[in-house]
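Since the structure comes first, as structure tokens, the remarks are kept for the end.
The values are calculated or read from the model by the stated rules, or taken from the named source; none is laboratory data. Just so it is clear, the model here is predicted, and its values are computed rather than measured. These accessible areas exclude ligands, DNA and RNA; they are computed on the full protein's heavy atoms, side chains included. Shrake-Rupley method; radii C 1.70, N 1.55, O 1.52, S 1.80 Å.
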Amino acid sequence: MAVVHFVEENTVLLCQLLNHVPSEDDAVKIKGRKGKVLSVKNIEDLVQVNVVLEKKVKNQPLGNDKKKKR
């Protein structure tokens with residue numbers, strides 16, 4: 001078992017105790033967001049995994065309605 005730190009742009013997203021450490025180019029899902037592993041570093045007792053997550057898409061409101069709201 002190993003302590004795994006998932007990091008995106010110097011921000012720790014998640015720390016887990018895992019039996020299987022992900023390798024490079026593996027698909028991961030963290031906090032409901034899909035991502036891909038860039039690199040894996042072993043540092044003493046822990047493993048640092050650098051990931052890139054997909055960007056969140058924010059819904060833009062449709063154009064202004066000309067109708068009066070009741």
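Compactness of the chain is given as radius of gyration and Dmax, 18.7, 64 Å, from Cα positions.
Taking only protein heavy atoms and a 1.4 Å probe, the accessible area of the chain is 49% carbon and sulfur.
Here the contact order of the chain, divided by its residue count and restricted to Cα pairs under 8 Å and six or more residues apart, works out to 29 percent.
Provide the per residue accessible area, probe 1.4 Å, for the chain, rounded to a whole number of square angstrom.
Details: 6300 Å² over 70 residues.
For the chain, the per-residue accessible area is 90 Å².
Taking all protein chains together and rolling a 1.4 Å probe, GLU54 ends up with roughly 120 Å² accessible.
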